[in-house]
Amino acid sequence: MKRYGKAWERKRAAILRRDKYRSQLSSRYGRIVAANTVHHILPVEFFPEYMWTDWNLISVTSQEHNGLHDRDTHGLTDEGVKLARRTALAHGLDLEEVMTRLDAGRMERCHGDEEEGEG
């Protein structure tokens, strides 16, 4: 888990409280499941301006979090991208810019992995 310091720990706790320690992904399907992780919908790496923004943070289970991130590339999975897209639209962000930044991150990771494997 990435560490962002005490400020992040306070923010994480506030988001878990806000969501009543329930997974917001499971809630979409009427299920009540305990959450233990806070997910940045728009990844901090590409959207640092939304790191502390409440609407960019949701409570999820560890398993759901793993389903939103590709653990090999550390990028978003297709499900993670869908969630980012829905969230961007809901908050009036420029969807083209959001998708461009996410795609650039995916491409950077793919090329970075190829370069690491060479030599």
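The values are calculated or read from the model by the stated rules, or taken from the named source; none is laboratory data. This one's a predicted model, so the numbers in the text were calculated from it and none came from an experiment. Reconstructed Cβ throughout: ideal geometry from the backbone, glycine too, with neighbour counts over all protein chains shown.
Inside region 1-20, can you point out the residues that are surrounded by fewer than 13 Cβ atoms within 10 Å (Cβ to Cβ) and not small (Gly, Ala, Ser)?
1, 2, 3, 6, 9, 10, 17, 20
Tell me, which residue of region 69-92 that is assigned to a loop (DSSP other than H, G, I, E, B) and at pLDDT 95 or above is farthest from residue 14 (Cα to Cα)?
Taking the candidates together, the pick is 92.
Give just the number: which of (1) at pLDDT below 95; (2) over 22 Å from residue 95 (Cα atoms); (3) of a type outside the set (Ser, Thr, Tyr) does residue 10 not satisfy?
The number of the failed condition is (1).
Within region 3-29, work out how many residues are at positive phi and either touching a Cys at 6+ places or on another chain (Cβ under 6 Å) or of a type in the set (Asp, Glu) (or both).
Matching residues across region 3-29 total 0.
Specify the residue that is farthest from the chain's Cα centre (by Cα); the eligible residues are those in region 15-33 that are touching a residue at least 24 places away in the same chain (Cβ under 8 Å) and assigned to a helix (DSSP H, G or I).
Among them, the one singled out is 18.
Could you please find all residues in region 79-102 being among the β-branched types (Val, Ile, Thr), over 20 Å from residue 28 (Cβ atoms) and in contact (Cβ under 8 Å) with a residue 12 or more places away in the chain?
98
Report yes if residue 32 is on the phi < 0 side of the Ramachandran plot, of a type in the set (A, V, I, L, M) and buried (at least 17 other Cβ atoms within 10 Å of the Cβ), otherwise no.
Criteria not met by residue 32.
Does at least one position in region 53-61 carry a residue that is among the β-branched types (Val, Ile, Thr), under 19 Å from residue 4 (Cβ atoms) and in contact with a helix residue (DSSP H, G or I) (Cβ under 7 Å, 6 or more places away or on another chain)?
yes
Identify, please: which residue in region 46-68 is of a type in the set (Gly, Ala, Ser) and part of a helix (DSSP H, G or I) and is, among those, surrounded by the fewest Cβ atoms within 10 Å (Cβ to Cβ)?
62
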